[in-house]
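Here, each number is a calculation from the coordinates, and none is a lab measurement. These figures come from a predicted structure and were not determined experimentally. Virtual Cβ from ideal backbone geometry, glycine too; neighbours counted across all protein chains shown.
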Amino acid sequence: MAQARNLFSTTQPGPGSSLPMADFMHSERGPGGQTWFQICSGQTPKVGANGLLTGPWADAIVAAVACEKSGQAHRFADMPAGQVLEYLEGMGHGRFMKAAEATEEAAHAGRLLPPRAASGGGGSPSAAKPDPRPVCQYGPKCYRKNPDHFREFAHPWLEGGGTGGPPSGGGYPSAPTAHGGGGGGGGGG
């Protein structure tokens, strides 16, 4: 299979420098202590009813976005989420790129949470804490797109891999429904 670039070897830029930069998929560990490369290798991506990836590839993207948001992206030759998408495509899963990009966008918007460490895994103590946000009162019928809404209210049916996701068609209705305003309002329900 053709690869746009070498996914397994990057070097730190700079005059005369050949120090290897970290590669997110090979250096960062997910739940259970395996690298994201080990977790995702051999796994065919799956797309949930909401149009987002589910399973290990989604978890890797969300973890990469969390790494970027935490200010740790400087350790990598490229942004971690971009590296995961490159691996996905490089492993022959190019047909899942649209869903992968949507998953990355949802993670950046705060609609998806990083995977929790399995018991005995290498996760931080804070990863085991339950989500402090109240669950959105409208459940899977929530049509909101506003990132502030997703930061304020938990949507476990989306964050837990897409089960019981948004209405059929995988998208959110664009018009307001009986339970609220036009989706762009701040803070409400």
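Some points to look at:
- This ranking places HIS26, HIS74 by how few other beta-carbon atoms lie within 10 Å of each, fewest first, which gives HIS74, HIS26.
- Amide hydrogen proximity for ALA154: with H placed 1.01 Å from N in the peptide plane, the residues at 5 or more positions away or on another chain lying under 5 Å are VAL135, CYS136.
- Exposure proxy for CYS136, CYS40: other Cβ atoms within 10 Å of each Cβ, ordered fewest to most, give CYS136, CYS40.
- Reachable aspartates and glutamates, given that their alpha-carbon falls under 16 Å from the alpha-carbon of LYS141 and they are not under 8 places away in the same chain: GLU159
- Taking other C-beta atoms within 10 angstrom as a stand-in for reagent exposure, VAL65, VAL135, VAL47 fall in the order VAL135, VAL47, VAL65, fewest first.
- FRET efficiency estimate (nearest 0.05) - Cβ-Cβ, ARG151 to HIS26, R0 30 angstrom: 0.45
- Within the stretch 68-82: backbone nitrogen closer than 14 Å to the MET97 label point (7 Å, Cα to C-beta): 82
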